[in-house]
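All remarks here apply to the structure that follows.
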Amino acid sequence: MFELKSASLNYGENTALWPYSRKFKPGRITVLIGANGAGKSTVMSLLTAERAPSSGAVFFQNRNLASWKVHELAQKRAVLPQRTHLSFPFTVYEVVGLGLMASTCPPYERKRLIGEMLARVDLADHRTRLYQQLSGGEQQRVQLARVLCQLEAFDGPVDERYLLLDEPVTSLDIRHQISTMEIARTYADQGLGVIAVLHDLNLAAHYADEVIVMREGRVLTDCAPAYAFDPDIIEEAFGVRPEIVDRGNGLTPFISVLGPEPTGQPNSQTPASKGLVH
Amino acid sequence: MPSGSARATLPLILRGDGDRQEVSAIVLVVLGGLFVLVCLASLAVGPVPIPLSEVLLILMGSDSSQSVASASELVVRDIRAPRTVMGVLVGAALAVSGATLQSLFRNPLADPGLVGVSAGAALAAVTVIVLGVPAVLVSTGITTFELLPPAAFIGGLLTTLLLYAIATRQGRTSTATMLLAGIAIAALAGALTGVLVFISTDQQLRDLTFWSLGSLAGATWYKCAAIVVFILPALLMSRFVANGLNGLLLGESQALHIGIQVQRTKILAVLLVALAVGASVAVSGIIGFVGIVVPHILRLMIGPDNRYLLPACMFLGAILLLGADMIARVIVAPAELPIGIVTAVLGGPFFLWLLLRQRGLVDV
């Protein structure tokens with residue numbers, strides 16, 4: 001499991017993350033939400049070992065993350081970044097195959113895995129296409145397939161594996177946002193740990209088992225989604241007041257944020273200005 | 001992505017399942033065969049043409065029957081063979097270092113000649129020619145000529161490191177900064193070289209002229225031996241950085257995530273480029289465009305996978321440079337054209353075409 005032990009991160013004089021301790025358990029989807037610059041990506045970069053904490057430590061499977069070799073780590077956790085730009089004409093098949101760099105699986109197994117993961121992200125018929133010919137959303141799904149390949153190639157216990165997603169659905173259409181989160185859900189149900197940064201509050205409310213709400217490098221709330229999606233907490237984190245609609249029957253509440261209500265005299269001069277966010 | 005720029009990267013050969021490993025293997029075998037043919041041609045072609053059959057006989061070593069070597073045998077053994085070997089080494093070195101730099105910078109426009117690495121190596125070499133062996137090293141008995149390859153290597157290494165430090169911030173390399181910094185470094189190195197040329201003696205000046213244009217003339221077995229100790233390790237190293245470079249194409253953090261030792265890969269790649277370019281420049285001056293044309297043609301055929309691209313670059317780099325050298329030898333025979341002019345005449349338009357096709361695809 002991943003564990004932050006009073007880990008903090010400073011960029012020069014700026015504190016991106018104040019000392020923070022938390023365990024990230026396998027078998028659950030832990031979602032980080034918060035405004036831009038709240039520290040979500042900072043937590044992510046500590047967990048991925050991209051950055052070393054300024055103080056404190058990060059542990060993975062009870063070993064300091066700094067003592068892990070990169071190829072060992074690559075067999076246990078996979079990371080999907082926000083966006084990946086490639087300057088060279090790789091085919092979709094080849095990009096997905098890059099996820100198997102640290103694995104020792106034989107060629108026929110590679111072919112099978114790559115094909116299977118491409119099918120899982122709905123791109124089975126895109127394997128010969130060049131990465132640069134795809135749309136942003138399709139590129140993101142290719143990267144997801146690459147990351148899944150990396151996870152699948154490892155044959156150790158499933159609860160030792162982690163999937164880290166940094167804004168995985170930002171460029172996806174709504175259907176693929178859901179299918180991506182469903183993939184994460186399936187893995188978590190199998191016992192794998194998922195840690196994700198999400199901007200869409202409804203997706204977070206629907207898929208998260210645990211929600212960490214961040215603001216200015218600190219954790220505002222860390223709890224189950226039913227408690228985290230409270231109008232006061234969301235307003236404190238994002239500076240906009242949401243309307244949270246209870247759909248009843250144990251369904252995920254619907255969170256609607258349309259910006260501040262017009263105050264004082266409503267301006268009815270131009271229809272375009274009505275109801276728009278300032 | 002607009003369709004115009006997408007079309008610009010269409011590969012020439014693509015198999016049904018998106019996996020180009022088999023195609024790459026076939027291309028490697030074909031290039032290997034072509035390479036042997038071009039080597040033989042390079043021994044046969046010149047101001048004095050020697051029939052291929054005679055070249056083969058000489059190579060087999062039919063010397064025991066005659067006590068005095070024939071003229072053809074001398075030409076092949078002492079002039080064309082070392083020249084061919086040098087062409088092979090330099091061509092392979094330049095193409096592989098071009099492909100390596102491009103992967104390292106994640107940019108298809110990087111070329112040792114273009115971004116100043118060759119100019120830095122040349123400056124170091126010219127310094128040695130004009131100022132002679134430094135006083136500290138005189139006692140070791142090292143000659144000016146022996147000092148050239150290591151000096152050029154250090155010059156190339158420092159330039160590559162400087163360029164990388166300038167153009168890369170937090171793991172992201174800016175194309176614009178890289179190209180502009182490279183141009184600035186090349187101009188500065190060129191200016192300093194100019195100063196050295198200005199203070200050089202007439203004899204030194206004669207030695208220096210070929211630096212600016214690049215030439216394989218004056219190849220000897222001795223020179224081949226002097227550079228093979230630099231270029232061979234560089235070519236062997238390419239085998240060990242290929243996977244890492246593939247990972248780096250995804251970006252530094254992604255490379256780390258999939259298990260690449262990023263730092264080690266970068267250090268080896270910079271070392272490879274400095275060794276290969278330094279040694280090449282030391283014996284043949286600045287030969288441009290091989291490092292950009294060869295990897296680009298090959299990427300169109302087999303894709304950017306460095307495990308196949310780098311060995312293919314060795315073959316095609318050698319083939320192209322030997323081809324250019326043959327043109328340089330015969331086109332104005334009995335005089336000869338500096339090979340740098342031939343590669344520039346062929347490579348310049350290619351580079352422009354490349355830029356035009358890449359417009360919009362490379363984020364400058």
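FYI, it's all coordinate maths here, none of it is from the lab. Predicted model, so just to flag it, every value in this text is computed and none were measured. Note: ideal-geometry Cβ built from the backbone for every residue, glycine included; neighbour counts use all protein chains shown.
Report the rotationally averaged projected area of segment B:207-285 based on its alpha-carbon convex hull, in square nanometres.
Answer in nm², one decimal: 6.1.
Assuming 0.36 nm per residue, please report the length gained on full extension of the stretch A:GLU109 to A:ASP232 beyond their Cα-Cα distance. Could the numbers behind the result be given before it?
Details: separation 123, 0.36 × 123 = 44.28 nm, distance 5.10 nm.
Separation in residues times 0.36 nm, less the Cα-Cα distance, equals 39.2 nm.
Hydropathy at least 1.0 by Kyte-Doolittle, axial extent at least 24 angstrom from the Cα trace: which helices of chain B, defined as entire DSSP H runs, fit?
Helices meeting the span and hydropathy rule in chain B are B:21-44, B:81-104, B:144-167, B:175-198, B:221-248, B:262-284, B:306-330, B:339-358.
Averaged across orientations, what area in nm² does the convex hull of the alpha carbons in segment B:290-364 project? Don't skip to the end; give the middle numbers.
On the way: hull surface 22.5 nm².
That works out to 5.6 nm².
Counting each pair of different Cα atoms once, what's the Kirkwood radius of segment B:94-143 in Å, rounded to one decimal?
Working: mean 1/r = 0.0781 Å⁻¹.
Its Kirkwood hydrodynamic radius stands at 12.8 Å.
Across bins of 5 angstrom width beginning at 0, how are the C-alpha pair distances of segment A:1-61 distributed, in whole percent?
4, 18, 30, 27, 15, 4, 1, 0
Classify segment A:69-119: rounded, prolate or oblate, from the alpha-carbon gyration tensor (a ≥ b ≥ c, eigenvalue square roots; a/c under 1.5 rounded; otherwise prolate if a/b is larger than b/c)?
It is oblate, given that a/c is not under 1.5 and a/b is not larger than b/c.
Take the Cα pairs of segment B:180-226, get the Kirkwood Rh, then feed it into Stokes-Einstein at 10 °C and 1.306 mPa s and tell me D in µm²/s.
So the translational diffusion coefficient is about 127 µm²/s.
Could you grab the Rg to Rh ratio for segment B:140-283? Cα atoms only, Kirkwood for Rh. Intermediate results must be reported in sequence, preceding the final value.
On the way: Rg = 17.7 Å, Rh = 17.2 Å.
That ratio equals 1.03.
Antiparallel DSSP bridges in chain A: what percent, to the nearest 5?
55 percent
What is the percent of Cα-Cα separations in segment A:74-168 that go past 18 Å?
On the way: 1819 of 4465 pairs.
I get 41 percent for the Cα pairs in segment A:74-168 exceeding 18 Å.
What are the ³J(HN,Hα) values, in whole Hz, obtained from phi via the Karplus relation 6.51 cos²θ - 1.76 cosθ + 1.60 with θ = phi - 60°, for each residue of segment A:70-78 in sequence order, with x given for Gly and Pro?
Here the 3J(HN,Hα) series is 4, 6, 5, 4, 5, 8, 10, 9, 10 Hz.
How shielded is A:127-136 by partner chains, expressed as the average number of their Cβ atoms within 10 Å of its Cβ atoms?
Per-residue shielding by partner chains comes out at 4.
With r defined as the distance between the Cβ atoms of A:THR170 and B:ALA217 and R0 fixed at 56 Å, what FRET efficiency is calculated, to the nearest 0.05?
Working: r = 58 Å, r/R0 = 1.04.
Efficiency for this residue pair is about 0.45.
When the Kirkwood radius is taken over all Cα pairs of segment A:137-220, what Stokes-Einstein diffusion coefficient follows at 20 °C and 1.002 mPa s, in µm²/s?
For these conditions, the coefficient is 157 µm²/s.
Taking only the alpha carbons of chain B, what extent do you get along each of the three principal axes, in Å, biggest first?
67, 53, 35
State to the nearest 20 debye the size of the charge dipole of chain A about its Cα centre, where the only charges are +1 on K and R beta carbons and -1 on D and E beta carbons.
Dipole magnitude for chain A comes out near 700 debye.
Pull out a ≥ b ≥ c, the square roots of the eigenvalues of the alpha-carbon gyration tensor of segment B:55-200, then state rounded if a/c is under 1.5, prolate if not and a/b is larger than b/c, and oblate in the remaining case.
Oblate, because a/c is 1.5 or more while a/b does not exceed b/c.
Once both labels are modelled 7 Å past Cα along the beta-carbon direction, what's the B:PHE198-A:PHE254 spacing in nm?
7.8 nm
Quick check: convex hull of the Cα atoms in segment A:1-138, volume per residue, rounded to a whole Å³?
Convex hull volume per residue, Cα atoms: 153 Å³.
Find the Rg to Rh ratio for chain A, where Rh is the Kirkwood radius over alpha-carbon pairs and Rg uses the same atoms.
Working: Rg = 20.3 Å, Rh = 20.1 Å.
Answer for chain A: 1.01.
I need the shape label for segment A:123-176. Rule: rounded when a/c is under 1.5, else prolate if a/b > b/c, else oblate, with a, b, c from the alpha carbon gyration tensor.
Oblate shape, in that a/c is at least 1.5 and b/c is the bigger or equal ratio.
Inside 10 Å of the C-beta atoms of A:70-79, what's the mean count of C-beta atoms belonging to other chains?
4
How big is the antiparallel share of DSSP beta bridges in the protein assembly as shown, given as a percent to the nearest 5?
Here the antiparallel bridges make up roughly 60 percent for the protein assembly as shown.
Order B:126-135, A:222-231 from most to least packed using the mean count of other Cβ atoms within 10 Å.
Ranked from most to least packed, the peptides come out as B:126-135, A:222-231.
Taking 7 Å along the Cα-to-C-beta vector as the label spot, tell me the A:SER55-B:VAL332 distance in nanometres, rounded to one decimal.
7.1 nm
Starting from the amide H of A:ALA16, placed 1.01 Å from N in the peptide plane, find each other amide H under 5 Å away whose residue is 5 or more places distant or on another chain.
Result for A:ALA16 returns A:LEU9, A:ASN10, A:TYR11.
Share of Cα-Cα pairs in segment B:119-170 beyond 15 Å, in percent?
51 percent
Take a quick pass over chain A and tell me how many lysine pairs come in under 25 angstrom between Cα atoms, counting only ones 8 or more apart or on separate chains.
14
Scan around A:LEU32 for amide H atoms under 5 Å from its own, H built in the peptide plane at 1.01 Å from N, and keep only partners 5 or more places away or cross-chain.
A:ALA196, A:VAL197, A:LEU198, A:ILE212
Can you check what the Kirkwood hydrodynamic radius comes to for segment B:15-117, Cα pairs only, in Å to one decimal?
Taking every pair of different Cα atoms in segment B:15-117, averaging 1/r and inverting gives 16.8 Å.
In whole angstrom, note down how far apart the Cα centers of segment B:228-265 and segment A:41-100 are.
17 Å
Enter the angle in degrees (range 0 to 90, nearest 10) between the Cα long axis of helix A:174-190 and the first principal axis of the Cα atoms of chain A, meaning the one along which they spread out most.
60 degrees
What are the ³J(HN,Hα) values, in whole Hz, obtained from phi via the Karplus relation 6.51 cos²θ - 1.76 cosθ + 1.60 with θ = phi - 60°, for each residue of segment B:108-115 in sequence order, with x given for Gly and Pro?
Those phi angles translate into x, 9, 6, 8, x, x, 6, 9 Hz.
Please list the non-local residues whose amide H lies under 5 Å from the amide H of A:ARG215, H modeled 1.01 Å from N, same-chain partners needing a gap of 5 or more.
A:LEU220
If you wrap the protein assembly as shown's Cα atoms in a convex hull and average its projection over all directions, what's the area in nm²?
37.9 nm²
Using helices alone, what [θ] at 222 nm do you get for the protein assembly as shown, with -39,500 (n - 2.57) per DSSP H run of 4 or more residues, divided over all residues and rounded to the nearest 500? Provide the component values of the computation, followed by the final result.
Details: 25 runs with 347 residues, N = 642.
The per-residue figure over the protein assembly as shown is -17500 deg cm²/dmol.
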